[in-house]
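Chemist: Okay, here's the structure, questions in a sec.
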Amino acid sequence: MLTEANRLGHPVIPIFILKNPTDSWSPGGATRWWLHQSLKQLQSTYQQLGAPLVLQKGDPVTIVSNLAEQHQAAGVFYDKCFEPDALQEEAQLAALLGKKRIPITAFRTNYLFGPNDVLNNAGDPYQVFTPYWKKSLQLPPPAQPVVAPKQIQSVSTPIESLMLEDLNLDPQMSWSETFFEYWQPGEYGAQDTLTHFLENGLNGYLSERDKPAVEGVSTLSPYLHFGEISPRQVWYVVKAWLKKDSSRQKPADGFLRQLIWREFATQMLVHRPDTVNTPLKEEFNAFPWEPEQSYSPTLKAWQQGRTGYPIVDAGMRQLWATGWMHNRVRMIVASFLVKDLFIPWQEGAKWFWDTLLDADLANNTFGWQWTAGCGADAAPYFRVFNPILQGEKFDPNGDYVKRWVPELAYLNKKWIHKPWEAPPVIREEAEVKAGKTYPNRIVDHHEARTRALASYQEIRAQKA
Ligand SMILES: Cc1cc2nc3c(=O)[nH]c(=O)nc-3n(C[C@H](O)[C@H](O)[C@H](O)COP(=O)(O)OP(=O)(O)OC[C@H]3O[C@@H](n4cnc5c(N)ncnc54)[C@H](O)[C@@H]3O)c2cc1C
């Protein structure tokens, strides 16, 4: 986008506009922290390029159209965002600028495909992932990334801009302080993260990606969400990595397949924007959730990582401390909230929205709907994750649990995922006092599972 704007040979006004919060899907606390750090870096990048970044707050349609008119702009360039509000705003902006005869050009650098590029033979969007993925592989490869300009020309009169602090993005609370230990927001952090992953993680991706205790995944999600690295860059860097050694084919394909999940989730958001708040499968509107007034204590226990199920608690504590959670554990904790605690998936989606640094409307909505069983999923049955078996399979030595739930650190691997079953003498040796040092289980998983399956049969019967 910048390269293209610069190519016209006119001065460029780079601008970032923070919208006023509109609904519960306005940026959450964690992403605001990330945005603050990223803008700080972006300001310095633009300063070096020669045109300072203008910061504004308010309605992007009015701000951009006024600025463009004031400066008799030769064109307006922007990168597309596929959230429902943003799509409406871009249509409004295009109409306004059209009346003023100012050309507007949209780019789609943060995605590999457009929302109407990967359709089935009838021209409709796919409802399940695998055929979407296969079809995407038949399309021409994504466009090559372009080289960023080394210099841009600024306008001669300075443009009014807010200070970064005026945007009030940084939460200013101790919660976000630990994020610095784990993250380096901005494009340099993104490049370092990708390089680290290529050197240390990608080769073992297929065997390690489900193990939360090891560095088996890329952790690129916040960078991708904020456009600090584009999926096209990732795509071509991985292809170049593969070219060096053909034995790398399987891990490279496996990883690029995950990038396509992101595309699929975005296509779903564009074609079914209602799924942000309502289930894709309508029958789930009748699911017998616990009433709101009775679930607030269990919701709180889940949020704080005090459910008594070690893998669930480890995940929720990792989320709070780092602003990120491993994908396997996201599925486990989400299933637990919905199918063990009978709390609507929307509550979980909101908590993730506020606490995830990679909170992304398409991926978050998709992940929650998929785990709740009401979204785009090919499984012909109602999947209920067993937190004990999942823990034993994917964290067999309990290293992940021990890291995030230190009160269980001395428990051996036989009991680490089910401390309530450990003989009293073992618990005593491990200094685990049920209900005191570590919470008792807030629900019996086997009973909850039976109830969830029965409820599912009920709503299916109602539908039929
Ligand atoms: C309940 C739930 C909520 C989720 N919420 C979000 C969210 O708000 N933001 C978000 O980016 N992801 C979300 N995900 C998807 C996934 O968990 C994360 O993308 C992944 O854990 C990020 O880690 P990574 O970058 O190391 O992934 P890697 O395994 O290294 O994958 C590379 C990239 O592929 C994409 N990707 C991987 N898995 C998925 C997936 N299942 N769906 C969509 N894209 C995927 C991501 O952009 C990721 O960065 C959610 C999943 C679940 C089950």
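Chemist: How high is the FRET efficiency between Lys413 and Gln184 when r is their beta carbon distance and R₀ equals 60 Å, given to the nearest 0.05?
Modeler: Details: r = 34 Å, r/R0 = 0.56.
About 0.95, to the nearest 0.05.
Chemist: Would you report the distance distribution of C-alpha pairs in the range 282-463 as whole percents per 5 angstrom bin, up to the bin with the largest distance?
Modeler: Calculated P(r), rounded to whole percents: 1, 8, 17, 21, 20, 16, 9, 5, 2, 1, 0.
Chemist: Can you give the calculated 222 nm mean residue ellipticity of the chain, where each DSSP H run of n ≥ 4 adds -39,500 (n - 2.57) and the sum is split over every residue, rounded to the nearest 500 deg cm²/dmol? List each step's numbers first, then the result.
Modeler: Values: 20 runs with 224 residues, N = 464.
It lands at -14500 deg cm²/dmol.
Chemist: What residues have an amide H closer than 5 Å to that of Tyr438, excluding those fewer than 5 places away on the same chain, when H is modeled at 1.01 Å from N in the peptide plane?
Modeler: Those qualifying (amide H under 5 Å, at least 5 residues apart or on another chain) are Lys433.
Chemist: Starting from the Kirkwood radius over alpha-carbon pairs of the chain, derive D by Stokes-Einstein at 10 °C in a medium of 1.306 mPa s and give it in µm² s⁻¹.
Modeler: Numbers: Rh = 24.2 Å.
The calculation lands on 66 µm²/s.
Chemist: If Lys and Arg each add +1 and Asp and Glu each add -1, what is the summed charge of the other residues whose beta carbon sits under 9 Å from the beta carbon of Gly216?
Modeler: Values: positive: Arg209, Lys211; negative: Glu208, Asp210, Glu215.
For residues surrounding Gly216, the net value is -1.
Chemist: Could you rank the peptides 30-43, 430-443, 294-307 by their average count of other C-beta atoms within 10 Å per residue, with the highest value first? Walk me through the intermediate numbers first.
Modeler: Working: 30-43: 20.9, 430-443: 15.1, 294-307: 17.0.
Ranking the peptides 30-43, 430-443, 294-307 by packing returns 30-43, 294-307, 430-443.
Chemist: Stretch Asp166-Gln144 to full length: gain in nm at 0.36 nm per residue minus the Cα-Cα span? Before the final figure, lay out each step's value.
Modeler: Numbers: separation 22, 0.36 × 22 = 7.92 nm, distance 3.70 nm.
Roughly 4.2 nm would be gained on extension.
Chemist: Among the chymotrypsin sites (Phe, Trp or Tyr not before Pro) in the range 306-340, which ones are in a DSSP loop with at most 14 other Cβ atoms within 10 Å of the Cβ? Mind listing them?
Modeler: Values: sites: Trp320, Trp324, Phe336; in loops: Trp324.
Those that pass, being in a loop and sparsely packed, number zero.
Chemist: Here is a follow-up. Which peptide among 422-429, 73-80, 214-221 comes first, and what is the full order, when sorted by highest mean count of other Cβ atoms within 10 Å? Mind dumping the intermediate values first?
Modeler: Numbers: 422-429: 13.2, 73-80: 17.0, 214-221: 19.0.
Top to bottom by mean Cβ count within 10 Å: 214-221, 73-80, 422-429.
Chemist: Find the eigenvalues of the gyration tensor of the Cα atoms of the range 167-306, then list the square roots of 5 times those eigenvalues as equivalent ellipsoid semi-axes, largest first, in whole angstrom. Numbers along the way, then the final one.
Modeler: Numbers: eigenvalues 220, 100, 58 Å².
Values for the range 167-306, descending: 33, 22, 17 Å.
Chemist: Where in the range 130-159 does the amide nitrogen come within less than 19 Å of the point 7 Å from the Cα of Lys243, taken along Cα to Cβ?
Modeler: 140-148
Chemist: Okay, next question. Hey, any idea what Rg/Rh is for the range 2-107, computing Rh the Kirkwood way over Cα pairs?
Modeler: We get a ratio of 0.96 for the range 2-107.
Chemist: Something else about it: In nm, what is the difference between 0.36 nm times the number of residues separating Ala448 and Ile159 and their Cα-Cα distance? Could you put the intermediate results ahead of the total?
Modeler: Numbers: separation 289, 0.36 × 289 = 104.04 nm, distance 5.94 nm.
Length difference between fully extended and current span is 98.1 nm.
Chemist: Which order do the peptides 196-203, 337-344, 93-100 take when ranked by the mean count of other beta-carbon atoms within 10 Å per residue, highest first? Kindly include the intermediate steps, with their values, before the conclusion.
Modeler: Values: 196-203: 16.8, 337-344: 23.5, 93-100: 14.8.
Packing order, densest peptide first, comes out as 337-344, 196-203, 93-100.
Chemist: Something else now. All other residues with a Cβ under 15 Å from the Cβ of Lys40 taken together, and with Lys, Arg as +1 and Asp, Glu as -1, what is their net charge?
Modeler: Numbers: positive: Arg32; negative: Glu165, Asp166, Asp170, Glu187, Glu228.
Every neighbour counted, the sum reads -4.
Chemist: What list of ³J(HN,Hα) values in whole Hz, one per residue of the range 371-382 in order, does the Karplus curve 6.51 cos²θ - 1.76 cosθ + 1.60 (θ = phi - 60°) give from phi, with Gly and Pro shown as x?
Modeler: 5, 5, x, 9, x, 7, 8, 7, 5, x, 10, 8
Chemist: Whole-Hz Karplus ³J(HN,Hα) for the range 144-151, in order, using 6.51 cos²θ - 1.76 cosθ + 1.60 and θ = phi - 60°, x for Gly and Pro?
Modeler: Working through the residues one at a time gives 5, x, 9, 7, 6, x, 8, 8 Hz.
Laboratory data are not the source of any read-out in this text; all were calculated from the coordinates shown. Since we're looking at a predicted model, the values are computed, not measured. Every residue, glycine among them, receives a Cβ derived from its backbone with ideal geometry; neighbour counts consider all protein chains shown.
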